[in-house]
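Input: one structure, supplied below.
The values are calculated or read from the model by the stated rules, or taken from the named source; none is laboratory data. This structure is a prediction, so every number in the text was calculated from the model and none was measured. For neighbour counting, all protein chains shown are included, and Cβ atoms are generated from backbone atoms with ideal geometry for every residue, glycine included.
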Amino acid sequence: MHMPLLNRRRAHALIVGITLAPALSVAQAVWPSKPVRIVVAFAPGGFAGLLARTLAPELQAAFGQPFVVDHVAGAGGIVGSAQVARLRGDSHTLLMATVGTHAINASLQPNLPYDPLKDFVPVTLVAEAPHLLVMNAAKAREYGIRSLQDFIRYAKAHPGALNMGSSGNGTSSHLAGELFKRMTATHMVHFPYRGTAPALLDLLAGNMDLMFDTVPSSLPHIRSGMLTAFAVATTSRCQAVPEVPTMEEVGGAALKGYRASAWWGLVAPAGIPADVATRLQQEVAKALRSPALSQWLLSEGAIPGGMTSADFARYIAAEIKMWAGVVKLSGAKVD
């Protein structure tokens, strides 16, 4: 008994559909299908941009598509972060998140236009690095400041006379300075910049007196003698600048418990496929484990990351809680 022609056609179509389904599924799952943009929410020249440019060729080699770094600066990282947050489900846009954009701003900014946890998928921590107090070397000599103790004495004797640059309102360099001021009962005038690079330029030119900068971005200028480093904000000395004491070592009881570190990590807009985040995390971790990249980071005063997406989500949540306490203790305000 023969199958009617219409039924045979339906059966054939069903068989073809079943046969093609896996191929279509694979085709739809191909990622990336075009260049991937890595947004850096600060001006060019800072460590966030350097990390993004360092990772970009590694990711391009792994995935076969260009990874392009795009600087979208403004409002202490808020402008670029908000831009990425609005691109829900866009797996071809990433953000180099920072401690400022994804931890400090949550408590410091009353009308933050994005939720650091709900609007992003954490991919992985790329690196973290401590802050240190640096001063224009010529200014330090002019004011007779040769140590952290000298610095505190001068700041107390001349309230408001020292100008403190930062990479922007709400960034870790801003908040590290505000916490230091509160703990030492000193007053320096805060000048926020649109990123680390322009702040450093003015500091090197002598237009600013000091900055609470990260070790990686200040290190070349410390080595050249243009900047003088007085103390690092960690529990133990930093491998890249072992001659620089910790805040507690020389600050005594006034600075007991003072800690300030920056970090950088890749996040994506909420709604991207979970397997994309997993593949990205694996390739970034692989790159960070390479001897050349890991040794370079350590020599620059940074600690390589690479944690899983789930661990990075927990890390960000813990950082939000910790920095909320620092904001409260320091009395920092967005000015």
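Among the listed residues P122, P116, P110, identify the single one that is assigned to a loop (DSSP other than H, G, I, E, B), crowded, with 21+ Cβ neighbours inside 10 Å and not assigned by TED's automatic domain parsing to the domain that holds E178.
Values: P122 fails: assigned to a loop (DSSP other than H, G, I, E, B); P110 fails: crowded, with 21+ Cβ neighbours inside 10 Å.
When all the criteria are applied, what remains is P116.
Go over the candidates A138, A82 one by one and state the one that is in the same structural domain as E178 (by TED's automatic domain parsing) and touching a residue at least 24 places away in the same chain (Cβ under 8 Å). Can you show your working first?
On the way: A82 fails: in the same structural domain as E178 (by TED's automatic domain parsing).
One residue alone meets the criteria, A138.
Applying the selection to the range 71-89, what residues are outside any helix (DSSP H, G or I) and surrounded by 15 or more Cβ atoms within 10 Å (Cβ to Cβ)? If you could, list the steps in order and put the result at the bottom.
As a first pass, look at the range 71-89 and keep what is outside any helix (DSSP H, G or I): 71-74, 86-89.
Matches in the range 71-89: H71, V72, A73, G74, L87.
Still on this structure, please answer the following. If you scan the range 51-79, which residues turn out to be touching a Gly at 6+ places or on another chain (Cβ under 6 Å) and touching a residue at least 60 places away in the same chain (Cβ under 8 Å)? It would help to see each step written out before you state the result.
Within the range 51-79, the first condition is being touching a Gly at 6+ places or on another chain (Cβ under 6 Å), and the residues that meet it are 72-73, 76-77.
Passing the criteria: A73, G76, G77.
For the range 186-206, name all the residues that are under 20 Å from G80 (Cβ atoms) and not in a loop (DSSP other than H, G, I, E, B).
First, the residues of the range 186-206 that are under 20 Å from G80 (Cβ atoms): 192-200.
P192, T196, A197, P198, A199, L200, listed by residue number.
Being modelled with pLDDT of 95 or more and crowded, with 24+ Cβ neighbours inside 10 Å narrows it down to one of H92, H102, so name that one. Full working, then the answer.
Numbers: H92 fails: crowded, with 24+ Cβ neighbours inside 10 Å.
On inspection, the qualifying residue turns out to be H102.
Taking only pairs six or more apart or across chains, which ones have beta-carbon atoms under 7 Å, a first residue in the range 230-243 that is in contact (Cβ under 8 Å) with a residue 24 or more places away in the chain and in the same structural domain as F180 (by TED's automatic domain parsing), and a second residue that is part of a loop (DSSP other than H, G, I, E, B) and among the hydroxyl-bearing types (S, T, Y)?
Final answer for the pair search is F230/S147; A233/Y258.
Yes or no, residue by residue, for (1) farther than 19 Å from T101 by Cα; (2) hydrophobic (A, V, I, L, M, F, W, C); (3) in contact with a Cys (Cβ under 7 Å, 6 or more places away or on another chain); (4) at pLDDT below 95:
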position: K139; (1), (2), (3), (4): yes, no, no, no
position: G144; (1), (2), (3), (4): yes, no, no, no
position: K156; (1), (2), (3), (4): yes, no, no, no
position: S167; (1), (2), (3), (4): no, no, no, yes
position: T171; (1), (2), (3), (4): no, no, no, yes
position: M183; (1), (2), (3), (4): yes, yes, no, yes
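Any idea which of A332, A277 is buried (at least 17 other Cβ atoms within 10 Å of the Cβ), of a type in the set (G, A, S), farther than 13 Å from V126 by Cα and at pLDDT 95 or above? Can you show your working first?
Values: A332 fails: at pLDDT 95 or above.
None of the others qualify; the one that does is A277.
Yes/no per residue for (1) at pLDDT 95 or above; (2) assigned to a helix (DSSP H, G or I); (3) out of contact with any strand residue (DSSP E or B) (no Cβ under 8 Å at 6 or more places or on another chain):
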residue	(1), (2), (3)
M208	yes, no, no
S217	no, yes, yes
G251	no, yes, no
V267	yes, no, no
L288	yes, yes, no
A292	no, yes, yes
Q295	no, yes, yes
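Restricting attention to the range 300-329, which residues are farther than 23 Å from R182 by Cα and of a type in the set (K, R)?
Scanning the range 300-329 gives a single hit, R314.
Something else about it: Under the condition of being among the basic types (K, R) and over 19 Å from the mean Cα position of the chain (by Cα), which residue from the range 290-335 is farthest from S217 (Cα to Cα)?
Residues of the range 290-335 among the basic types (K, R): 314, 321, 328, 333.
After this cut, where a residue has to be over 19 Å from the mean Cα position of the chain (by Cα) as well, the list is 328, 333.
On the way: K328: 27, K333: 25 Å.
Checked the range 290-335; the qualifying residue farthest from S217 (Cα to Cα) is K328.
Cβ-Cβ under 8 Å, sequence separation 6+ or interchain: first residue in the range 17-46 and within 23 Å of A62 (Cα to Cα) and part of a loop (DSSP other than H, G, I, E, B), partner modelled with pLDDT of 50 or more and aliphatic (A, V, I, L, M). Which pairs?
W31/V276; P35/V68
Further question: Could you list all residues from the range 139-185 that are more than 18 Å from M208 (Cβ to Cβ) and not in a helix (DSSP H, G or I)?
Matches in the range 139-185: G144, R146, S147, G170, A185.
Within the group V327, V284, V334, which residue is hydrophobic (A, V, I, L, M, F, W, C) and not in a helix (DSSP H, G or I)?
Working: V327 fails: not in a helix (DSSP H, G or I); V284 fails: not in a helix (DSSP H, G or I).
Among V327, V284, V334, only V334 is hydrophobic (A, V, I, L, M, F, W, C) and not in a helix (DSSP H, G or I).
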